[in-house]
1. Of the conditions (1) touching a residue at least 12 places away in the same chain (Cβ under 8 Å); (2) β-branched (Val, Ile, Thr); (3) loosely packed, with under 15 Cβ neighbours inside 10 Å, B:Ile119 satisfies every one except a single condition; which number is it?
2. Quick one: which of A:Leu116, A:Leu100 is assigned to a helix (DSSP H, G or I), at pLDDT 95 or above and either within 16 Å of B:Val46 (Cβ to Cβ) or small (Gly, Ala, Ser) (or both)?
3. Taking the options A:Ala123, A:Ala115, A:Ala111, name whichever one is touching a Leu at 6+ places or on another chain (Cβ under 6 Å) and touching a residue at least 12 places away in the same chain (Cβ under 8 Å).
4. Can you tell me how many residues in segment B:92-112 are within 14 Å of chain A (Cβ to nearest Cβ) and in contact (Cβ under 8 Å) with a residue 40 or more places away in the chain?
5. Out of the helices (runs of 4 or more DSSP H) lying entirely within segment B:50-133, which hold 2 or more residues that are β-branched (Val, Ile, Thr)?
6. Are any residues in segment A:22-45 surrounded by 14 or more Cβ atoms within 10 Å (Cβ to Cβ) and over 16 Å from the mean Cα position of the chain (by Cα), and if so, which ones?
7. Quick check, is A:Arg56 under 14 Å from the mean Cα position of the chain (by Cα), facing another protein chain (nearest Cβ under 9 Å) and part of a helix (DSSP H, G or I)?
Amino acid sequence: MSLKTPLARVRGLGSAKDGTHHWWVQRLTAIALIPLALYFVWLLLGLAAADHGTVRLTLGQPFNAVLMAAFSIALFWHAQLGLQVVIEDYIHARWLEVTLQVLVRFATLLAILVALVAIGRLAFTG
Amino acid sequence: MSTTKPQRPLSPFMLGTHYRFQLTSVTSFLHRVTGIVLGLGAFGFVLWLHAVAGDGVLYGYFRDALASTPGCIALYAFAAALIYHLLNGIRHMVWDAGWWLELKPAYRSGWTVLVLTVILTALLAVAGRGGVA
């Protein structure tokens, strides 16, 4: 227990600078996901009865490929931010918390790359 | 100082008996649960994308799995989670803007989200029935 006041302890250390960054990006990706998720559901409904070849051709069209890539990036970015908060709130063993945070970061990044490569294959190779 | 522990009911056991559920906390909890479900389900979606780009073997597994009864149930569960999370997410953004924060609009919007989730999931199930089989 220090006798220093909280103000004296933080003075000179500077601000963290990114206090609202997480909150803001979570909202930004959420706003992007409203139209993108609706588009995604609408697209899947249209493909429900389609065969593999039709699904390939549809997803490979430039319009769909771009929106699908945007949806994948926004989705996993938003998921990472959300899961991060859930882990921060409920996992109290420090080693497990850090391990899960690293795993979620890597897994979501990898998922974005898998999505982009798949969409790229559909868009560029037919 | 007394060394005996006071016999007070603790958090999880208080739910329902000593602690009344509120719509606001239930909808908040559901937002997290559906968020986790969708976040994990997103990895299934990306695997499906990978299957679509592939030669068709993995895609065939997906097609059969999604056409099966458990697959259909999972698909509708994801749809319900997505619709709820999307609607309640809009509710959260309205709160962020400073509106609907009083008890009455908070409850009204909560019920609206729940009722709309049921209606829209049912509509989606009807719309998707033509194809999934």
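The values are calculated or read from the model by the stated rules, or taken from the named source; none is laboratory data. Computed from a prediction, not measured in an experiment: that's the story for all the values here. Note that each Cβ is placed from the backbone with ideal geometry, even for glycine, and that neighbours are counted across all protein chains shown.
1. (1)
2. Criteria check complete, one pass: A:Leu116.
3. Matching residue, one of A:Ala123, A:Ala115, A:Ala111: A:Ala115.
4. 1
5. The helices (runs of 4 or more DSSP H) meeting that bar are B:69-96, B:103-132.
6. A:Tyr39, A:Val41, A:Leu43, A:Leu44, A:Leu45 - these are the residues of segment A:22-45 that are surrounded by 14 or more Cβ atoms within 10 Å (Cβ to Cβ) and over 16 Å from the mean Cα position of the chain (by Cα).
7. The answer is no for A:Arg56.
One line per residue, one yes/no per condition, for (1) touching a Phe, Trp or Tyr at 6+ places or on another chain (Cβ under 8 Å); (2) on the phi > 0 side of the Ramachandran plot; (3) free of Cβ contacts under 8 Å to residues at least 12 places away in the same chain:
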| position | (1), (2), (3) |
| --- | --- |
| A:Ser2 | no, no, yes |
| A:Pro6 | no, no, yes |
| A:Leu13 | no, no, yes |
| A:Thr20 | no, no, yes |
| A:Trp23 | no, no, yes |
| A:Leu28 | no, no, yes |
| A:Ala32 | no, no, no |
| A:Pro35 | no, no, yes |
| A:Tyr39 | yes, no, no |
